[in-house]
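Enquirer: Please find one structure pasted underneath; my questions will follow.
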Amino acid sequence: MNVPPSTPVVLALDFGGTKTALTVADRHGTRLCDLTVETAAERGARAGLHRAVGAARTLLDGREPVAVGVSTAGIPGAEGVALAPNIPGWEDLALGHELTLEFPESEIRLATDVKAAARHECDAGALKGCDPGLYVNLGTGLAVAVVAGGRVLTGRHGASGEIGYNLRTVADVGRGSGERIPLEDVVSGKALSRAAHTTGSTELADHIKEFIDELAFHLVNLAIAVDPQRIAVGGGMVRSWDALHAPLRTALDAAVPYPPDLVPAAHPYDAPLLGALALAVEAARTGT
């Protein structure tokens, strides 16, 4: 980094199902250097964490960060990261504790990736000034975050917006998670990737149509429930925005009493990392 060694820095990490993104910034949030590494989920949670920490050490170049902000797939807690099936072993990894051991001089802050992204989009992105707003993440997995009164709704257990667990049909009522196919298994980047490897081109085209139709179904119901001013969509699948926008727009206009705006997120691919950076900057400022 081309900054004086005495300049305090913060570290932000975004742990996703396929990649981990990192940035080092000054304590005001100005990004100094960035790096992205594969999560390598098949190697397990601890290997992914060690890979990320090693990358962070490379970025830090011998410095110790004042604070570390983290966004992660799943819901980080004291004993592990709940609802994080895309990284084997992640649910049993005490992420905050492990990072405290790695960075003992740093303030550590953790948040669910989609909520971190929504916070950034609310503060400085596509949901700024929207009350309420809805952030939809279409990445490896599927989740949403509701913004109301300038804050992200977390829910009693931090699981607000985990629509990947939604029921898909009336026949699913009363069935446990192991007895039905949850929404994320058919509407997510992971689901499309799996379909692309197991079907021919004609079948894949049909699968994509079903994917969009089912996404539209749940998005319409969400919009009816929340009555958002705007829906912002982020995640890797925003790269296919031209294919997604028209059918989602049509579905919202047809069924929602007060159809909201529908836009790509201002930072569709790195909003979770920017949300993690905001956590680090806040921790560096308050020190509590």
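The values are calculated or read from the model by the stated rules, or taken from the named source; none is laboratory data. This is a predicted model, so every value here is computed, not measured. Glycine gets a Cβ as well: all are built from the backbone with ideal geometry, and neighbour counts include every protein chain shown. The accessibility values were calculated without ligands, DNA or RNA, using every heavy atom of the protein model including side chains. Shrake-Rupley method; radii C 1.70, N 1.55, O 1.52, S 1.80 Å.
Enquirer: Once a ≥ b ≥ c are taken as the square roots of the eigenvalues of the Cα gyration tensor of the range 54-125, is the result rounded (a/c under 1.5), prolate (a/b larger than b/c) or oblate (a/b not larger than b/c)? All intermediate terms of the calculation are to be shown ahead of the outcome.
Expert: Values: a/c = 1.92, a/b = 1.14, b/c = 1.68.
It is oblate, given that a/c is not under 1.5 and a/b is not larger than b/c.
Enquirer: Hey, another quick one. Within the range 9-27, name every residue whose backbone N is under 17 Å away from a label modeled 7 Å from Cα of Arg43 along the Cβ vector.
Expert: Those under the cut-off are 14-22.
Enquirer: Hey, any idea what % of the range 4-106's accessible area is carbon plus sulfur with a 1.4 Å probe?
Expert: Working: 2340 of 4510 Å².
C and S atoms contribute 52 percent here.
Enquirer: Subtracting the Cα-Cα distance from 0.36 nm times the residue separation, let me have the gained length for Asp34 to Thr169 in nm, one decimal. Kindly include the intermediate steps, with their values, before the conclusion.
Expert: Values: separation 135, 0.36 × 135 = 48.60 nm, distance 4.29 nm.
Taking 0.36 nm per residue and subtracting the Cα distance, the gain is 44.3 nm.
Enquirer: With r defined as the distance between the Cβ atoms of Glu102 and Ser201 and R0 fixed at 41 Å, what FRET efficiency is calculated, to the nearest 0.05? Provide the component values of the computation, followed by the final result.
Expert: On the way: r = 46 Å, r/R0 = 1.12.
Taking R0 as 41 Å, the efficiency between Glu102 and Ser201 is 0.35.
Enquirer: What translational diffusion coefficient, in µm²/s and rounded to a whole number, does the Stokes-Einstein relation yield for the range 166-288 at 4 °C and a viscosity of 1.567 mPa s, taking the hydrodynamic radius as the Kirkwood radius over Cα pairs? Before the final figure, lay out the partial values.
Expert: On the way: Rh = 16.8 Å.
In µm²/s, the coefficient is 77.
Enquirer: Have a look at the DSSP beta bridges in the range 1-147 and tell me what percent are antiparallel, nearest 5. Kindly include the intermediate steps, with their values, before the conclusion.
Expert: Details: 22 of 34 bridges.
Among the beta bridges of the range 1-147, antiparallel pairing accounts for roughly 65 percent.
Enquirer: Oh, and also: Just tell me, in residue order, which DSSP H segments of the chain are both 30 angstrom or longer along the helix axis (alpha-carbon based) and at least 0.5 in mean Kyte-Doolittle hydropathy. Could the numbers behind the result be given before it?
Expert: Numbers: long enough: 201-226 (37 Å, 0.66).
The answer, listed by residue number, is 201-226.
Enquirer: Using only alpha carbon positions, build the gyration tensor of the chain, then give the equivalent ellipsoid semi-axes as the square roots of 5 times its eigenvalues, largest first, whole angstrom.
Expert: Details: eigenvalues 215, 91, 60 Å².
Ellipsoid semi-axes (Å, largest first): 33, 21, 17.
Enquirer: Also, quick follow-up: Can you give me the accessible area per residue for the chain, using a 1.4 Å probe, in Å²?
Expert: On the way: 13350 Å² over 288 residues.
For the chain, the per-residue accessible area is 46 Å².
Enquirer: Tell me, what % of the accessible area of the range 159-288 is carbon and sulfur with a 1.4 angstrom probe?
Expert: Details: 3720 of 6580 Å².
Of the solvent-accessible surface of the range 159-288, carbon and sulfur hold 56 percent.
Enquirer: Among rounded, prolate and oblate, which fits the range 13-163 when a ≥ b ≥ c are the square roots of the eigenvalues of its C-alpha gyration tensor, a/c under 1.5 means rounded, and a/b larger than b/c means prolate? Provide the component values of the computation, followed by the final result.
Expert: Details: a/c = 1.77, a/b = 1.27, b/c = 1.40.
Oblate shape, in that a/c is at least 1.5 and b/c is the bigger or equal ratio.
Enquirer: Determine the calculated [θ] at 222 nm for the chain from helices alone, applying -39500 (n - 2.57) to every DSSP H run no shorter than 4 residues and normalising by the residue count; nearest 500 deg cm²/dmol. List each step's numbers first, then the result.
Expert: Details: 7 runs with 103 residues, N = 288.
Roughly -11500 deg cm²/dmol at 222 nm, from the helical runs in the chain.
Enquirer: What is the Cα radius of gyration of the range 1-80 over 2.2 N^0.38 Å, N being its residue count?
Expert: Details: Rg = 13.0 Å, N = 80, 2.2 N^0.38 = 11.6 Å.
For the range 1-80, the normalised Cα radius of gyration is 1.12.
Enquirer: Provide the per-residue ³J(HN,Hα) series for the range 64-72, in order, calculated from phi with Karplus coefficients 6.51, -1.76, 1.60 and θ = phi - 60°, each as a whole number of Hz, with x at glycine and proline positions.
Expert: 10, x, 5, 8, 10, x, 10, 10, 8
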